[in-house]
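Working notes for the structure below.
The values are calculated or read from the model by the stated rules, or taken from the named source; none is laboratory data. In this text the structure is predicted, and so the values were computed from the model without any measurement. Please note: Cβ atoms are built from the backbone with ideal geometry, for glycine as well, and neighbour counts cover all protein chains shown. SASA here: full protein model, heavy atoms, side chains in, ligands and nucleic acids out. Shrake-Rupley method; radii C 1.70, N 1.55, O 1.52, S 1.80 Å.
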Amino acid sequence: MKASALFALAACGAIGSIVSPLALASCGSAFCTVNSNWTSESAATEAGSVLDLRYEYVHQTQPRSGTDNVAVGQIARHHDEISTVNRNLLMTYSHTFNAEWGVSVTAPIVDRDHLHIHNHHGTPIPEQWNFTELGDVRVIGRYQLPDVGNPLTPSATGITFGLKLPTGRTTLANEDGDLAERTLQPGTGTTDAIIGAYYHQKLPQSDASWFAQAQYQQALNSHDDFKPGSQLGVDLGYRYGVTDKLGALVQLNFLVKRRDSGAQAEPEDSGGRYLSLSPGLSYAVSDKVQVYGYFQKPLYQNVNGVQLTANKAFVVGVSGRF
């Protein structure tokens, strides 16, 4: 394998653009925290473009308080959350200008079904929302530092920076005209700053590598009395080349999210700390096309208040260079 192939992620443009921080809240809206930037070692570092399509499935049916599972309605709330099905399609276009600079744009399509019970003056009223909408677009740049390490263990180190833009709607209502909770909406209405760093290294005398990546996101404003809490995601992963085409992958994904704020927020039922294990596989269909898949299993979930959680999530994707 050529040494240049070890910098696959740099060739994909802005590292971190495909990362989807888990957007948990009381209603259960979510993206998967799997980091799919490190699925391949086959890309080159010359200028070019990559298109990645990624599908996520997260079905949240378990109410949780702190680290404990609770029954629906066990802890009194104005809304008793029952279920949220998240089917997310993320399309990322990345362009590498040279070995140092790149940019990526990620557009999510959110397909979400949500059911809860509205406790109206003691009367339980089921309420449901179903929608497929554009979410908030991310634009991420990256700068990769020159490699000055051991040529036997080539590495890539860089920083990422960008914005999450308020492209998703925040006023969706169901057939009865009831507005969805702000955390259920496809967008937050805010512009968020994103900054991160990454390190990737090839291990000596083996077709294997490891990576570490961190990313912090902070809303720069509020919208209609709502401001999402800041969040920090940290990923640690390992890749082993089973064959020339097949790669075995495993990750630890850690996320800390602060409480939301504002009159339209639910600060008592938002934010938490999450740790997940994500094994997966990648397969190079050709020199320019690869497919990948992950299964994510939570190891630790500690939520504020009462929130819906999932006991597993799935990710599949395909990426191509042109």
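Summary of values
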read-out	value
Percent carbon-and-sulfur accessible area, the chain, ignoring ligands, DNA and RNA, probe 1.4 Å	61 percent
Solvent exposure of the range 218-284 as accessible area per residue, Å², 1.4 Å probe	49 Å²
Fully extended contour minus Cα-Cα distance, from V289 to E175, at 0.36 nm per residue	36.8 nm
Relative contact order (percent, whole number), the chain, Cα cutoff 8 Å, 6+ residue spacing	19 percent
Rounded Å value of the spacing that divides the Cα centres of the range 170-235 and the range 54-72	18 Å
Efficiency of FRET between A76 and V318 - r from beta-carbon atoms, R0 56 angstrom, step 0.05	0.75
Rounded to the nearest 10 Å², the accessible area of W210 at probe 1.4 Å	80 Å²
Accessible surface, the range 60-178, averaged per residue in Å² (probe 1.4 Å)	50 Å²
The range 31-164: relative contact order in percent, alpha carbon pairs under 8 Å with at least 6 residues between	20 percent
Residue with peak Gaussian network fluctuation, the chain [Cα springs, cutoff 10 Å], from P126, P166, P186	P126
Zone residues, the range 180-200, relative to H118, backbone N less than 18 Å from point 7 Å out along Cα-to-Cβ	180-186
Heavy atoms of R169 accessible to a 1.4 Å probe, total area in Å² rounded to 10	110 Å²
For the chain: lysine pairs under 22 Å (alpha-carbon distance), excluding those fewer than 8 apart on one chain	12
For the chain, size of Cβ-based charge dipole, Lys and Arg +1, Asp and Glu -1, in debye	860 debye
Y143-Y57 FRET efficiency (beta carbon distance; Förster radius 35 Å; 0.05 resolution)	0.55
Accessible area (Å², 1.4 Å probe, nearest 10) - F295	80 Å²
Charge context of E175, other residues only, Cβ under 14 angstrom, K/R +1, D/E -1	-4
Accessible area, probe 1.4 Å, largest first, for residues H121, H59, H116	H121, H59, H116
The range 176-322: C-alpha gyration tensor shape, a/c 1.5 cut-off, then a/b vs b/c	prolate
Length-normalised contact order for the range 56-129 - Cα pairs under 8 Å, 6+ apart - percent	28 percent
Options N119, V306, G229, ranked by Cα towards positive dipole end of the chain, top entry (Cβ charges)	G229
